[in-house]
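Heads up, the thing below is written out as structure tokens.
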Amino acid sequence: MRVRPITPELLVAELVDRLAGAAAPGRLRVAVDGPPAAEPDALAAALVDPLRAAGRPVLHVRAADFLRPASIRLEHGRTNPDAYYEGWVDEAGLRREVLDPAGPDGSGRLLPSLWDAAADRASRAPYVDLPPGGVVLVSGALLLGGGLPFDVAVHLVLSPAALDRRTDPERRWTLPAFARYADEVDPASFADVVVRADDPRHPALVERD
């Protein structure tokens, strides 16, 4: 294994090249996984226009738009790291509305958002038709531990010290959840692309021999 420093711009370019050249039955389902401090939503958003320019239709879906209702999500309190780890994201809804329709024999009719967490109600977003050969980018935290059917997994990893330093003080209660994720799931050991993101200005690709 070696670690190759890379600029943010080149990281986007290399990911676009990889994803634009990848094939999968139906549509390509890509996880961009990482804690909020690693900004997975921003990386996924940066991939959208270059992928379209490369001829791949794209839909970006945020896991934050597939949270469970507050009555379920916050049943054990607003700052419970185990609940955050185990049940904040509606994985069944994400599979049903996005990943299965984008997969082999899927209809390609995807729902870009399911739940408005701020208003705590259904988002009422219209469905989007993603044609065969399209790419759906699903970004967010803790995406790789529940068996969701992704074709490509990109994992943004921070050292414990960097994660502690870069996590918003109001979200520091989530740190035990990410420690548990690293210990129990260890996504860096199997993700297709692993990016060290301790410093957002100076990411690095982890390359296996």
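The values are calculated or read from the model by the stated rules, or taken from the named source; none is laboratory data. This structure is a prediction, so every number in the text was calculated from the model and none was measured. For neighbour counting, all protein chains shown are included, and Cβ atoms are generated from backbone atoms with ideal geometry for every residue, glycine included. Side chains are part of the model used for accessible areas, which takes the heavy atoms of the whole protein and leaves out ligands, DNA and RNA. Shrake-Rupley method; radii C 1.70, N 1.55, O 1.52, S 1.80 Å.
Suppose we keep just the DSSP beta bridges with both residues in segment 81-209; what percent of those would be antiparallel, to 5? All intermediate terms of the calculation are to be shown ahead of the outcome.
Numbers: 7 of 11 bridges.
The answer is about 65 percent antiparallel.
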* Just from the alpha-carbon atoms, what are the Rg and Dmax of the chain in angstroms? -> 16.6, 47
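For the chain, with only Lys/Arg (+1) and Asp/Glu (-1) charged at the beta-carbon, what is the dipole magnitude about the Cα centre, in debye rounded to 20?
Values: 24 positive and 31 negative charges, 57 e Å.
Value, rounded to 20: 280 debye.
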* Asked: Expressed in nm to one decimal, what extension gain is obtained for the pair Arg121 and Leu175 from 0.36 nm per residue of sequence separation less their Cα-Cα distance?
  -> 16.7 nm
* Which of the trypsin sites (Lys or Arg not before Pro) found in segment 99-190 are in a DSSP loop and have at most 16 neighbouring Cβ atoms, other than their own, within 10 Å? -> Arg124
* With Cβ to Cβ distances under 9 Å as the rule, what net charge do the other residues near Val3 carry (K, R +1; D, E -1)? -> +2
* Coordinate range along principal axes, alpha carbons of segment 131-209, Å, largest first -> 42, 26, 24
* **Helical contribution to [θ] at 222 nm, DSSP H n ≥ 4, -39,500 (n - 2.57), averaged over the chain, rounded to 500** => -8000 deg cm²/dmol
* Asked: Excluding ligands and nucleic acids, what accessible area in Å² is computed for His202 using a 1.4 Å probe, to the nearest 10?
  -> 130 Å²
* At 7 Å along the Cα-to-beta-carbon direction for both Asp186 and Arg201, put a label point, then send me their distance in nm to one decimal. => 3.4 nm
